[in-house]
Structure formats: structure tokens, C-alpha cells
């Protein structure tokens, strides 16, 4: 039985929220990557102007690197699981995703439809199908007005993904780099840099 209208609206809302959060995470992740470079540059400038602190900082960082190298050499000596040559891994696709994918193909395949937007959706659908990403397949169904059945585990999966991305965004926004980047006061920026250095030389 197809989802009732209220359930369908709830699912559309969840998928839109997931799409928005995914875009927000990608943006913030890229931003923090760029901001990290500027933050480290700021830290290095501070250290160059404070030679004694720089010596302590460098010594602590080198001690940590030595420990990582030692730990890694220990791990390298552990036996790794045997990998058989030419062993292939298949993602099992259930009938539900196959059926929905076929419906999308009917409306979007370049051999059937001469429409760039729809053909682009076909490319996306094929990629999601290969990745077994049922949620993104549902998202395309919403875009194409294709009806589909959704069980409780699918809804839970969407909610879990939403929660997971929220936690990842929350983590980005809690980082020292994020706080430093969004602080406009130069005095507070310097204080954040100093606190970061203190945390590294404890």
C-alpha cells in the first residue's frame, strides 16, 4: 500500500532537511579546511615572535610525532587479514531499490527522454543506485513525483543520517579554528591562538 499523504509529506520534509544539512556540512567542512590554513599561519607567526615558547612547542610536537611513529611501527608488525586475489565485493540490492530505480530510468534515460535536466537526474540515479543509496533515490522520486513505499526502518535511517550530520556540524562549530575564524576582535583572536598553544605544550 502506498504511503498516505501525511506520511509522504513527513518523508519529503525529512529528505529536504537531510539535503539542507548535507549542503550545510559540505560548506562548513570546506570553510574550516581553508580557515585551518590561516589559523596555523597565525599560530606560526606568534611562535616566530616568541622564540622561547616556540622551542617548547616544537619539542612537545616532536615528542608526539615520535610516539605516533613508534605506535605505527608496532601496528605494522601485527598480522593483517589475508586478502584473496581477485576477490570481489558485491553490494546486495533489494528489490525495492531496483524497482524504484527502474521507474526513474523510464522517466529520465537519454534514450527515452531528450531533456538535459532529466538526463542529469538519470546520471545521479545511476550513481546512487550503484552506491545502494536508497535515501537519495527517494529524494529523486520526490523530484519526479514518483510514488514509493517507505517502511519504518527507512524513516529511521533518514532520521539517523540527519542526527549524524547535525553532530558533525556541531563538532565543526566547536573547534578552535571555527571560534577563531568567527571572532572579529583581534585581541580575542590572539587569545584563542595563545590558548591553543598552551593546550599543545601542557
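The values are calculated or read from the model by the stated rules, or taken from the named source; none is laboratory data. Given the structure is predicted, the values throughout are model-derived calculations rather than measurements. Here the Cβ positions follow ideal geometry from the backbone for every residue, glycine too, while neighbour counts run over all protein chains shown.
State whether one or more residues within segment 168-180 are without any contact (Cβ under 8 Å) to a residue 60 or more places away in the chain, touching a helix residue (DSSP H, G or I) at 6+ places or on another chain (Cβ under 8 Å), surrounded by fewer than 17 Cβ atoms within 10 Å (Cβ to Cβ) and not in a helix (DSSP H, G or I).
No - not one qualifying residue is present in segment 168-180.
Matching residues to (1) at pLDDT below 80; (2) assigned to a loop (DSSP other than H, G, I, E, B); (3) closer than 22 Å to residue 199 by Cα:
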site	(1), (2), (3)
53	no, no, yes
59	no, no, yes
69	no, no, yes
72	yes, no, no
87	yes, yes, no
97	no, no, no
123	no, no, no
127	no, no, no
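Out of curiosity, is residue 138 in a helix (DSSP H, G or I), on the phi < 0 side of the Ramachandran plot, touching a helix residue (DSSP H, G or I) at 6+ places or on another chain (Cβ under 7 Å) and modelled with pLDDT of 90 or more?
The answer is no for residue 138.
So, of the residues in segment 1-51 that are in contact (Cβ under 8 Å) with a residue 24 or more places away in the chain and part of a loop (DSSP other than H, G, I, E, B), which turns out to be farthest from the chain's Cα centre (by Cα)?
Filtering first and then ranking leaves 1.
Looking only at segment 136-163, which residues are within 14 Å of residue 5 (Cα to Cα) and exposed (fewer than 14 other Cβ atoms within 10 Å of the Cβ)?
Residues of segment 136-163 that are within 14 Å of residue 5 (Cα to Cα), as a first pass: 142, 145-150.
Correct list: 145, 147, 149.
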